[in-house]
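The structure under discussion appears below in the form of structure tokens.
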Amino acid sequence: MAATHPIELLRFNTCGSVDDGKSTLIGRLLYDSKSIMEDQMEALERSADITGGGQINLANLTDGLRAEREQGITIDVAYRYFATPRRKFIVADTPGHVQYTRNMVTGASTANLSVVLVDARQGVIEQSRRHTYIASLLRIPHLVIAVNKMDLVDWSRERFLEIRDEFERFLPRLDIRDVKFIPLSALNGDNVVTPSAHTPWYEGPTLMAHLETVHIASDRNLHGLRFPVQWVNRPNNPRDPRLHDFRGLSGQISAGIVRVGQRVMILPSGLKSTVEEIWTYDGPLQEAFCPQSVTLRLKDDIDVSRGDTVVALEHMPGMANDLHARVCWMHPKPLVAGRKFLLKHSTQTVQAMVSSIDGRIDIHTFEDLGSPAELAMNDIGSIRIRTAKPVVFDGYETNRLTGSFILIEPGTNLTVAAGMLQPPVETVRPEYNDFAI
């Protein structure tokens with residue numbers, strides 16, 4: 001019997017301005033791909049009979065809050081899972097309001113692909129530019145510009161090309177490698193899952209076809225092992241001789257490849273050892289790679305705990321307690337220099353202080369406005385952070401997992417900012433060893 005390969009998972013988000021049809025588009029994807037449960041379908045039909053005059057409102061599949069349904073807008077981030085024979089999907093429906101920009105950052109932070117919806121009648125507006133910039137800032141490698149409501153402009157090819165040309169005038173200023181433009185009508189299903197007869201001038205794929213085929217395997221960072229230790233695994237099972245004295249390091253590989261027999265370094269201590277075994281739930285492996293979750297058993301019984309990072313001896317990361325970062329500020333109370341927070345990075349949490357605010361981004365021009373006195377809610381700016389102990393990290397553009405963090409307010413435990421670290425000024429020296437100091 002031929003071996004079956006696991007179906008690949010694509011994470012994507014939808015964004016755009018208010019009432020551009022984000023929730024309706026996701027509802028259409030779920031409906032046309034037959035990914036709606038029977039009880040969900042019955043609830044939609046009951047709602048249609050009561051409030052919709054018999055017409056199903058596909059947006060209700062993601063707009064779960066009562067306030068969202070009453071206002072016809074998205075407020076919170078809604079996640080939905082669906083699958084086709086070719087791929088599995090996790091989609092985040094993110095808000096369009098300016099005041100919920102922080103929610104868009106949250107929903108897009110783990111995405112492989114971002115779908116920016118544009119109302120064909122309105123064209124490119126401020127929120128279109130804002131969300132495209134955020135997708136670039138978050139280093140989302142693939143972008144789809146979905147020109148929605150084409151039925152309301154009589155499927156005009158000229159209008160579609162006009163919107164495409166306006167995007168292409170500012171896209172070169174952003175770091176986005178792969179951009180696809182698709183004309184569609186989410187309400188009627190044109191070019192969402194099935195091709196539309198209304199667009200004979202469009203020769204590209206439908207949105208679903210593109211989601212199923214876009215190449216994401218090469219987006220993973222396989223250079224330089226990064227293995228943040230989540231917990232030390234001590235089963236201590238006396239009935240299994242292999243597990244009686246077993247001591248493994250469990251976590252998810254954030255970058256690179258790890259192999260049995262490979263020399264590694266533990267940071268921040270600088271101690272070195274050799275990988276003796278690699279374990280998974282299904283048994284041992286000779287090698288593992290990002291983003292697998294594994295347990296590593298080292299040859300030497302050295303001091304390793306949660307928050308430490310296992311790295312290879314090449315492509316070393318940075319390690320510092322003076323960090324430069326870009327942040328999206330998420331709290332109504334403005335950020336000012338000197339405030340103290342908890343910084344959650346990878347598997348560790350450290351005390352930190354914002355030592356300075358170095359800039360704020362003008363979302364209209366994508367330019368840095370210089371050093372402001374504070375950052376208001378939804379502002380994106382550059383800051384410097386001083387941490388109580390060194391942080392092992394990469395630049396966000398190199399590794400989205402080891403280059404990102406959140407700031408937590410100590411008294412309330414609220415997440416007040418999401419940040420992206422700038423590349424390190426210096427990397428760790430491979431010969432570094434704690435015993436040599």
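Rule-based calculations on the coordinates, nothing more; no lab input. Computed from a predicted structure; not experimentally measured. Cβ coordinates were reconstructed from backbone atoms using ideal geometry, including for glycine residues, and neighbour counts include every protein chain displayed.
The alpha carbons of the range 109-208 occupy a box of 36, 23, 21 Å along the principal axes, longest dimension given first. Any idea how far the Cα center of the range 161-188 sits from the one of the range 408-430, in Å? Centre-to-centre distance over Cα atoms comes out at 32 Å.
How much FRET efficiency would the formula 1/(1 + (r/R0)^6) give for residue 322 and residue 156, where r is the Cβ-Cβ distance and R0 is 51 Å, rounded to 0.05? So, using R0 = 51 Å, E works out to roughly 0.40. Taking every DSSP bridge with both residues inside the range 226-312, close to 100 percent are antiparallel.
Each peptide in 392-401, 290-299 was scored by the mean count of other Cβ atoms within 10 Å over its residues; highest first, the order is 392-401, 290-299. Each Lys or Arg adds one and each Asp or Glu takes one away; over the other residues whose Cβ falls under 14 Å from the Cβ of residue 423, this sums to -2.
Maximal additional length on extending the residue 175-residue 231 stretch stands at 16.6 nm, based on 0.36 nm per residue less the C-alpha distance. List residues of the range 323-348, by number, whose backbone nitrogen lies under 19 Å from a label position 7 Å along Cα→C-beta of residue 414. What the label zone holds, given the 19 Å backbone N cut-off, is 327-344.
How much length is gained if the chain between residue 305 and residue 362 is pulled fully straight, taking 0.36 nm per residue apart and subtracting their Cα-Cα distance, in nm to one decimal?
Full extension of this stretch gives 16.3 nm more.
Legend: distances between Cα atoms for 88/272; 88/340; 88/149; 299/340; pairs beyond 30 Å are 88/272; 88/340; 299/340. The listed peptides 328-341, 142-155, ordered by packing as a protection proxy, come out as 142-155, 328-341 (highest mean of other Cβ atoms within 10 Å first). Its residue count N sets the reference 2.2 N^0.38 Å, and the alpha-carbon radius of gyration of the range 284-437 equals 1.17 times that reference.
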